[in-house]
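Worksheet: one structure, shown below.
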Amino acid sequence: MAQIRIEKYTASHQNEWDRFVENSRNASFLFYRDFMEYHRDRFEDCSFLIYEDQKLRAIVPANRVEAQVFSHQGLTYGGIIFKNFEKVNRVQEISKAFFTHLESLAIEKFVVKLLPSKYNDFQSQAIDYVLFQHQAKLMRRDMNFFVPLQQNLKIHKSKKKVYNKDFIKELAIRKTTDFTDFWEQILSPILNEKYGVNPVHTIEEIHLLAERFPKNIQQYNIYKNEVIIAGMTLFIDEKLKVVKSQYGTANELGRKLKALDFLYLELFEKFKNKGFRYFDLGTTNEGDGTIYNESLTNYKEELGGIPINLDRYEIQF
């Protein structure tokens, strides 16, 4: 019988952890330690490495709050991340050992946000079944919209009309490594005005992350007469062939000129031509997930987005 050993992550594991992320077919760049730890002052890290017969088989990006372990509150998704496709009995054995280990640490609850299926290169839902086996409770379900870039895009004609407008000649799309204009002139003011909140990432944090991951975090702005009117921050996963609109919005003039529609359509074409599989438009749910923003949902559907469940489960020990 294989011997399963579980170790809590420490700084001495970083190289081994990052190599696993690099070589795993399902691990997003969000799981690199240099990304996870940009906000380590906000979260008590409680990540784990799972070995089988001395070989690293899985990792669990996680944080701890008292007697609860979350995978991971600072990340969009997580779970037990395997390097390659694993058969159901292997997923079952490793997961069971991990849950038993948490219980031995006096952990009372494990909360996990699973990878959306479009990020799952194996298209395996074995972990979903194992969670069901262990009587995990579905606590939240969000609709995460994905545009299938390599299929015939079902974009509503109202979005394509932007190409018929004369003003489109006056709009300039620019890729930039400076996020300041978008953050300070567009994103932060609009989030504050409409929702009374700030971006999840401060301007200092997004610059830090972009410096660490320049191929993965990119900024595209739209200008009219050299004045910014809209922008979009992309999280790009070359390995998984998925690009995510992390932030995207426009000011009043930008909305009037449909600048964000124009930017989406141009980026769809750009990443389609680069061989990307999906464009992640994000979620539309509010509150605890039981309601959704109808206008935002309609907007993403008109862009060709298809809802895929982003589920959150909890296991009580």
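The values are calculated or read from the model by the stated rules, or taken from the named source; none is laboratory data. The structure displayed is predicted, hence computed values, not measured ones. Glycine gets a Cβ as well: all are built from the backbone with ideal geometry, and neighbour counts include every protein chain shown. Ligands, DNA and RNA are stripped out before the accessible areas are found, and what is left, the full protein with its side chains, is counted by its heavy atoms. Shrake-Rupley method; radii C 1.70, N 1.55, O 1.52, S 1.80 Å.
Miscellaneous remarks
Let's see how each residue does on (1) modelled with pLDDT of 90 or more; (2) of a type outside the set (S, T, N, Q):
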{"position": "A97", "(1), (2)": "yes, yes"}
{"position": "E108", "(1), (2)": "yes, yes"}
{"position": "P116", "(1), (2)": "no, yes"}
{"position": "M143", "(1), (2)": "yes, yes"}
{"position": "K154", "(1), (2)": "yes, yes"}
{"position": "S158", "(1), (2)": "yes, no"}
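- For region 231-240, the criterion of being touching a Gly at 6+ places or on another chain (Cβ under 9 Å) and not in a strand (DSSP E or B) is met by none of the residues.
- Residue among E269, E301 that alone is under 23 Å from Y119 (Cβ atoms), open to solvent by 20 Å² or more (accessible area, probe 1.4 Å) and more than 20 Å from the chain's Cα centre (by Cα): E269
- Among the residues listed as E103, E66, the single one being at pLDDT 95 or above and out of contact with any Phe, Trp or Tyr (no Cβ under 8 Å at 6 or more places or on another chain): E66
Every residue, every condition in (1) open to solvent by less than 70 Å² (accessible area, probe 1.4 Å); (2) in contact with a helix residue (DSSP H, G or I) (Cβ under 7 Å, 6 or more places away or on another chain), yes or no:
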| residue | (1), (2) |
| --- | --- |
| S71 | yes, no |
| G74 | yes, yes |
| G79 | yes, yes |
| V88 | no, yes |
| S95 | yes, yes |
| H101 | yes, no |
| K109 | yes, no |
| S117 | yes, no |
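- Residues that are under 21 Å from R255 (Cα atoms), surrounded by 12 or more Cβ atoms within 10 Å (Cβ to Cβ) and in contact with a strand residue (DSSP E or B) (Cβ under 7 Å, 6 or more places away or on another chain), drawn from region 146-171: L171
- Filter result for M139 (open to solvent by 40 Å² or more (accessible area, probe 1.4 Å), outside any loop (DSSP other than H, G, I, E, B) and farther than 28 Å from G304 by Cβ): yes
Matching residues to (1) out of contact with any Cys (no Cβ under 6 Å at 6 or more places or on another chain); (2) under 15 Å from Y299 (Cα atoms); (3) open to solvent by less than 10 Å² (accessible area, probe 1.4 Å); (4) not aliphatic (A, V, I, L, M):
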{"position": "F235", "(1), (2), (3), (4)": "yes, no, no, yes"}
{"position": "E238", "(1), (2), (3), (4)": "yes, no, no, yes"}
{"position": "V242", "(1), (2), (3), (4)": "yes, no, yes, no"}
{"position": "A250", "(1), (2), (3), (4)": "yes, yes, yes, no"}
{"position": "L253", "(1), (2), (3), (4)": "yes, no, no, no"}
{"position": "L257", "(1), (2), (3), (4)": "yes, no, no, no"}
{"position": "F262", "(1), (2), (3), (4)": "yes, yes, no, yes"}
{"position": "D280", "(1), (2), (3), (4)": "yes, yes, yes, yes"}
